[in-house]
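The values are calculated or read from the model by the stated rules, or taken from the named source; none is laboratory data. Note that the structure is a prediction, hence the values are computed from the model and not measured. Ideal geometry is used to build each Cβ from the backbone, glycine not excepted, and the neighbour counts take in all protein chains shown.
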Amino acid sequence: MLNLIDLRGRTPSMSELRRALPRGGTDVNAVLPTVTPMVEEVRHQGAEAALDFGEKFDKVRPAQVRVAPEELRRALAELDPKVREALEEAIARVRKVHTEQVPNPHTTELAPGATVTEVFLPVVRVGLYVPGGSAVYPSSVVMNVVPAQAAGVESLVVASPPQAEFGGLPHPTILAACELLGVSEVWAVGGAQGIALLAYGDDAAGLEPVDKITGPGNIFVTAAKRLVNGVVGIDSEAGPTEIAILADDSADPVNIAYDLISQAEHDVLAASVLITDSVELAEQVIVEVGARYSITRNAERVAEALKGQQSGIVLVDDLETAIAAADAYAAEHLEVHTRNARKVAERIRHAGAIFVGDFAPVPLGDYAAGSNHVLPTSGTARFSSGLTTHTFLRPVNLIEYDERALKEISETVIALADAEDLPAHGEAIRARFEDLSTDREGK
């Protein structure tokens, strides 16, 4: 079921690894011709256009975009008590982690009377996208809302697709999670049209645009985020979910099989990759996956994902090469199942999140580890990070110089301004200490 990529017998370069490692992904450019006119129509026609597209794709048309407050309260009142308790525990853990991520302002003194203070200001209004359709993700509500709240965001709106089954409202578990978190503004709109409406708003419908959009979605959502990037900020362009497992011969093949299967359950495009220097472990995992995937309710989806070109087992000669391969892959989720797992994990440079040892599987991070599950995909963990409190904060410098401090540095500024042939820059400094009117009369 899993493709086998044998890299033994050599030490592959980073270039070779990038070519050899299994990778699926989606071509966002391919859907831009479809999504661009949708975004433009919502830009000019607002909520009505978004509702038109929703009716076309979701087969339902809500009476209005904004969900009434009583619907949020009703959803929470009717929520299964066990699910509510689980959400409350997850929220508490995620909030603790993200609250402690808030950075403190600090001041650097460069000279007497010369300081630069860095402060962290929250984005004023954010749009948090929560997917719908074939699955329901209240955990995505938690992972988006909590860090925004921890950052001090003043205004936030959750957008999620309307569901025909629920009369044009988002899934009730999504609404219940919003109410539990104190989110009062929820829009029943999804897809590319939802992203466009978040970016441009609609004054006539009372829908205020946002300053930044976060949250995962399908390829059409991703394309829309690309198109509105610059009008608003975005967190990332999320691709299909992925797991890489770095393991040696000490690993438990049953645990690894279940972890590969659990990730494949998300999506037929999901990637499940094992990187190991143990042929015996690889063979055992193949047997265990084959024996166990069919008993899950989503067996067909799992099978398609595991058979896809994006999934497989990578065989290497030794742990050093395995670490290099894991870094080259730069997984959204990386599990480490080796001897001295913590030490090995600390050597990894590229991963969205690293799960250490037998008792920290990726599903824990999906819900209640306290970390965030919105993470970089498709190798982008080499240069970007997952969603955190920092996502919703902007560092701003406050520059304070008194007269003496400015005078002390003035010649430096003037010399550099002259070197760049920007004399007015230097004059703006000199004017504070000299009468430049004689210069003008001379000219």
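Given the structure, is Glu16 of a type in the set (Asp, Glu), part of a helix (DSSP H, G or I) and under 25 Å from Ser184 (Cα atoms)? Break it down into steps so the answer makes sense when it comes.
On the way: of a type in the set (Asp, Glu): yes; part of a helix (DSSP H, G or I): yes; under 25 Å from Ser184 (Cα atoms): no.
Against the criterion (of a type in the set (Asp, Glu), part of a helix (DSSP H, G or I) and under 25 Å from Ser184 (Cα atoms)), Glu16 does not qualify.
When Arg394, Arg432, Arg382 are checked against the criterion of being in contact (Cβ under 8 Å) with a residue 12 or more places away in the chain, within 30 Å of His337 (Cβ to Cβ) and of a type in the set (Lys, Arg), a single residue qualifies: Arg382.
Considering only segment 103-148, state which residues are free of Cβ contacts under 8 Å to residues at least 60 places away in the same chain, closer than 23 Å to Leu393 by Cβ and touching a helix residue (DSSP H, G or I) at 6+ places or on another chain (Cβ under 9 Å). Val141, Val142, Val145, Val146, listed by residue number. Of the residues in segment 233-254, none is more than 13 Å from the chain's Cα centre (by Cα), aliphatic (A, V, I, L, M) and in the same structural domain as Val35 (by TED's automatic domain parsing). Determine whether Gly239 is out of contact with any Asp or Glu (no Cβ under 9 Å at 6 or more places or on another chain) and either at pLDDT below 95 or farther than 18 Å from Gly352 by Cβ (or both). Spelling it out, it is not the case that Gly239 is out of contact with any Asp or Glu (no Cβ under 9 Å at 6 or more places or on another chain) and either at pLDDT below 95 or farther than 18 Å from Gly352 by Cβ (or both).
Return yes or no: is Ala331 closer than 19 Å to Ser378 by Cβ, part of a loop (DSSP other than H, G, I, E, B) and at pLDDT 95 or above?
Values: closer than 19 Å to Ser378 by Cβ: yes; part of a loop (DSSP other than H, G, I, E, B): yes; at pLDDT 95 or above: yes.
Taking the combined requirement at face value, the residue satisfies it.
Counted as qualifying within segment 67-179 are the strands (runs of 3 or more DSSP E) with 1 or more residues that are among the acidic types (Asp, Glu), namely 106-111, 114-122. Please tell me if Ile174 is touching a Gly at 6+ places or on another chain (Cβ under 9 Å), in the same structural domain as Met38 (by TED's automatic domain parsing), within 24 Å of Ser378 (Cα to Cα) and at pLDDT 95 or above. In short, no.
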